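K.L.:
My questions all concern the structure below.
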Amino acid sequence: MMEDKEQSLTPLEHFGEFKLIKHLTDSFEIQNESTIKGIGDDAAVLNYKDMQTLVSTDLMVEGIHFNLAYTPLKHLGYKSVIINLSDIYAMNARPEQLLVSIAASNRFPVEALEELYEGIKIACKKYNVDLVGGDTTSSTSGLTLSVTAIGTASKDDLVYRNGAAEKDLLVVSGDLGGAYLGLQVLERENEVFKVNPNMQPDLVPYDYIVGRQLKPEARKDIFELLKKLQVKPTSMIDVSDGLSSEVIHLSKHSGMGFRIYEEKIPLDPMVIRTADEFGINPVTCALNGGEDYELLFTIAQSDFEKIKGNPHLTVIGHATEKQDGNYLLLKDSDAAVELTAQGWDSFEK
């Protein structure tokens with residue numbers, strides 16, 4: 001039965017490059033007025049009128065950024081979109097278009113790429129983004145994806161990393177550390193499977209954190225919430241490389257120091273429980289884990305009443321003078337630990 005299924009799979013050379021692109025993208029629909037011409041010509045045509053244009057791109061390489069042993073291709077396609085949209089939302093802007101390029105080896109049949117693009121399509125539809133171009137090519141080393149997101153914002157709405165001022169409050173959306181621990185669970189179960197392929201992983205007790213790793217979401221809701229509350233952050237970044245790294249980025253660009261409070265860092269109960277299971281401090285997971293794709297931003301103290309008590313937002317610290325440095329103030333202690341950038345670095349051995 002398995003043999004028949006394998007024989008029915010379509011090799012990439014059956015289509016060739018241009019027919020393959022058409023086959024994978026034919027069902028994508030245009031959703032934004034700014035998209036004049038999408039896929040099908042030498043270049044996409046976009047019209048933003050008097051809006052500022054933002055462009056962000058990310059590269060995902062098999063064996064470096066993802067492991068197909070436990071990453072479904074549909075989830076991978078979805079995630080590749082999300083991590084780029086998150087960068088646009090972190091500028092207080094709205095993403096509108098995407099370009100997706102892939103390099104795939106001949107071990108991937110057409111049906112595998114259909115799964116990948118199905119995930120891309122679901123993300124595009126959910127976030128109201130148009131796929132307007134890209135490229136496909138062959139690879140001798142697995143699968144590589146390059147995704148570029150294009151967004152818009154008025155000049156007055158844009159938020160950079162460099163706007164924080166002394167005494168501004170440091171705020172984060174959602175909770176942290178889940179994606180990192182989800183990865184630890186997946187890696188552990190994959191090692192068990194290698195030893196005993198008959199041992200099927202039970203991921204149900206870890207559904208939230210595994211979901212945070214395999215199928216993250218961009219915080220479009222926070223972007224919309226801040227507009228509704230009439231709160232414009234003074235600086236902002238998304239949490240892709242761990243809280244410590246992102247705080248240090250804001251510090252470097254804004255010329256400020258930061259104090260964050262250990263007891264204020266938002267942690268889901270499953271994060272706390274799983275961290276204990278792995279013998280890890282859950283705060284360490286939040287500080288250094290990465291891939292949570294939450295928004296970290298500063299606001300003026302005068303805006304505190306507007307966000308006070310909102311379940312999606314947590315004030316975790318404040319800005320100080322630059323010479324004060326960046327420190328984590330420990331709970332139940334007067335001690336402070338200097339923050340260091342220990343998050344994800346693809347060039348580290």
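The values are calculated or read from the model by the stated rules, or taken from the named source; none is laboratory data. Model, not experiment: these values are computed from the prediction. Note that each Cβ is placed from the backbone with ideal geometry, even for glycine, and that neighbours are counted across all protein chains shown.
K.L.:
From the set of residues in region 79-109 that are of a type in the set (S, T, Y) and surrounded by 24 or more Cβ atoms within 10 Å (Cβ to Cβ), which is farthest from N47 (Cα to Cα)?
P.N.:
Among them, the one singled out is S80.
K.L.:
So I64 ticks every box in (1) within 30 Å of E191 (Cα to Cα); (2) in contact with a helix residue (DSSP H, G or I) (Cβ under 8 Å, 6 or more places away or on another chain); (3) among the aliphatic types (A, V, I, L, M) but one. Which box is left unticked?
P.N.:
(2)
K.L.:
Tell me, yes or no, whether region 320-341 has at least one residue that is at pLDDT 95 or above, surrounded by 15 or more Cβ atoms within 10 Å (Cβ to Cβ), closer than 17 Å to G257 by Cα and of a type in the set (S, T, N, Q).
P.N.:
yes
K.L.:
For region 255-274, how many residues meet the condition of being surrounded by fewer than 23 Cβ atoms within 10 Å (Cβ to Cβ) and either part of a helix (DSSP H, G or I) or among the charged types (D, E, K, R) (or both)?
P.N.:
9
K.L.:
If I ask for residues that are closer than 25 Å to G255 by Cβ and within 17 Å of the chain's Cα centre (by Cα), which ones from region 150-175 would you list?
P.N.:
V172, S173
K.L.:
Also, quick follow-up: What tally of residues in region 285-308 results from selecting those that are in contact with a strand residue (DSSP E or B) (Cβ under 9 Å, 6 or more places away or on another chain), of a type in the set (S, T, N, Q) and part of a helix (DSSP H, G or I)?
P.N.:
Number satisfying all stated conditions: 1.
K.L.:
Another question, if that's okay. Here are N162, N198, N190: which of them is under 30 Å from K264 (Cα atoms), surrounded by fewer than 19 Cβ atoms within 10 Å (Cβ to Cβ) and polar (S, T, N, Q)?
P.N.:
N162
K.L.:
Still on this structure, please answer the following. Could you list all residues from region 194-245 that are in a loop (DSSP other than H, G, I, E, B) and of a type in the set (S, T, N, Q)?
P.N.:
Those that are in a loop (DSSP other than H, G, I, E, B) and of a type in the set (S, T, N, Q): N196, N198, Q200, Q230, T234, S240.
K.L.:
Evaluate the following for L68: is it modelled with pLDDT of 95 or more and closer than 30 Å to P201 by Cα?
P.N.:
Answer is yes for this residue.
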